[in-house]
1. Just to be sure I understand, how many residues within the stretch 81-105 are in contact (Cβ under 8 Å) with a residue 60 or more places away in the chain and in a loop (DSSP other than H, G, I, E, B)?
2. Can you pull out every residue in the stretch 470-496 that is within 17 Å of residue 255 (Cα to Cα) and more than 60 Å from the chain's Cα centre (by Cα)?
3. With the structure loaded, tell me whether residue 20 is in the same structural domain as residue 112 (by TED's automatic domain parsing), surrounded by fewer than 17 Cβ atoms within 10 Å (Cβ to Cβ), modelled with pLDDT of 90 or more and assigned to a strand (DSSP E or B) or whether it fails that test.
4. Among 134, 108, which is touching a residue at least 40 places away in the same chain (Cβ under 8 Å) and in contact with a strand residue (DSSP E or B) (Cβ under 8 Å, 6 or more places away or on another chain)?
5. From the list 49, 30, which residue is surrounded by 21 or more Cβ atoms within 10 Å (Cβ to Cβ) and farther than 23 Å from residue 66 by Cα?
6. If I ask for residues that are surrounded by fewer than 16 Cβ atoms within 10 Å (Cβ to Cβ) and either under 54 Å from the mean Cα position of the chain (by Cα) or assigned to a loop (DSSP other than H, G, I, E, B) (or both), which ones from the stretch 675-685 would you list?
7. Considering only residues that are closer than 19 Å to residue 293 by Cα and surrounded by 13 or more Cβ atoms within 10 Å (Cβ to Cβ), which ones fall in the stretch 254-281?
8. Which condition breaks for residue 663 when tested against (1) part of a loop (DSSP other than H, G, I, E, B); (2) more than 17 Å from residue 587 (Cα to Cα); (3) modelled with pLDDT under 90?
């Protein structure tokens, strides 16, 4: 057996500074809360022994995916782990594995060195070979018999049979076999065979349908070609090229007739170039249709006709507006006079108002004196009655006399004058309104004349002649429209004949297109026919048969893998069954279970291992087991495998990471008793945060003990580790 004597860690996962551990006692306890570095200590041992094998998906441990080895707070990253091992002859080996930046390229470089007991140093590939000879176990077997990982225990705690079977396969180191079977199932080869067969049959049907479709399509295209004036003998490449040559010649002649240039267009030598030839001629035909001199003259005349028609309508409209404006203005003058007359009337009214206001002012002054005298005479002033307020002389009945004069003469005269002034002001407002209306009508007439003159100016420009007062623009415009219509009539026949020529050339292009469509269809039909006759088509039929044979072979492989996995599981269980039974009953302490039989059989449907745990009566145990019992079962399988000799060569130590999860106090006591037995020929490295388990370790373990206490972790120094 290989024993562990010393461990030195630096820069690995939780560690930054150098930490050293000695394993010179049978029981070594790593104690502390979570996230303090205990698991990193156990990880360092397995990484030093197995390197990259303990990383990634292949381990079957989910937390190892995207696992980071270098401590993030160590810059640059510099990982080193050193193990001192001792074999059964007492020879010591110092194994060093490191990870540091590569000197010449990016990334980290891993190095392995072994200091041999006889002296000397080996490294690299030689060191890997020597380490394999020394360890003998695979990483899978290491997880089965040496390192009890938390995740392996947790997976057994499920009540789901398939997940529990997977977990026990991992505990027994049989994950590779199960993964092969899973991969075969995931491939769904039988389904793929059916789908491939269906796809091939569907493809063959599509080929047949495509062939019939091409034949039908060719018949329809031949009918369309006949409708375009083509005989059956013309539906070939030679005739298509001949028609193309004729179309080109006619277009060249037409261009010469109308005096337009034509770029060089060549008739292709094969029908596949005719589509491009067609497009080139179509572009030129389209250009000629718009650039024919007579067509361009037509377009100019159309524009002139539109412009003159618009001017004629504008002239009619503005002359009518001018007539109405003049008529309104003249009617106003006849009714109310010119602006000068209105101004004179306004002036006369203003003068009359002024005279009336002066008379009112004089009358109003006398009225004020009489009113004040009346107020004085009627006041409470002593002696005011019948005494003149101006001279002070006494006058009989003065107040009555003044009041009578006010009512009979002064008041009536003031009211009459005010009414006359109000009437004059009303007359003034009417005259001023009429004056404003006169100005508005005059301005409207001038504006209408201006717009009419502007239309006349435009007409003169279009007709290219001067328009005088003796001319009638409307008649002149009608005359010009008549000449335009006459010229358009003359051009119509010429343009029609030119377009007929181009239509004839376009018809030839349509014939070419019809022949090319038929030639394309014939080529596509040949391609479909060649598919059926091709070697590949025949090979596809052969592959269908070969796939059926392959499926049979894979079925045999699946059966063989299942048998190997089952046999290895049976042997390992057979070697450890008694110990597993004993350990389980001790830890679980269930009085109803006097014998636990652990067996394996093959699932007939999946060829995977199916594990059963039955009591002495042959009844299934798992439905009645508590979480603590299931944890006891997982620990029993691990400890039984570790101590049974199921593996030819084992390590002289076992590592347990947090084994007390879900265990009650009674379970923990029994676990410690089992560990006392394990300690007879193994060192036990126990990692835990369980205070109760720690106390039981020191109170019930009979062998020597050593404890490393893991205190607070800091980014700069890593875990605080103290030996007790």
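The values are calculated or read from the model by the stated rules, or taken from the named source; none is laboratory data. Here the structure is a predicted model, which means the values were calculated and not measured. No Cβ is skipped: glycine too gets one built from the backbone with ideal geometry, and neighbour counts run over all protein chains shown.
1. Total meeting the criteria: 2.
2. Within the stretch 470-496, just 494 meets the criteria.
3. yes
4. Step by step, each of 134, 108 is checked, and only 134 is touching a residue at least 40 places away in the same chain (Cβ under 8 Å) and in contact with a strand residue (DSSP E or B) (Cβ under 8 Å, 6 or more places away or on another chain).
5. Just one listed residue meets the conditions, 30.
6. 680, 681
7. 254, 255, 258, 260, 262
8. Among (1) part of a loop (DSSP other than H, G, I, E, B); (2) more than 17 Å from residue 587 (Cα to Cα); (3) modelled with pLDDT under 90, the lone unmet condition for residue 663 is (2).
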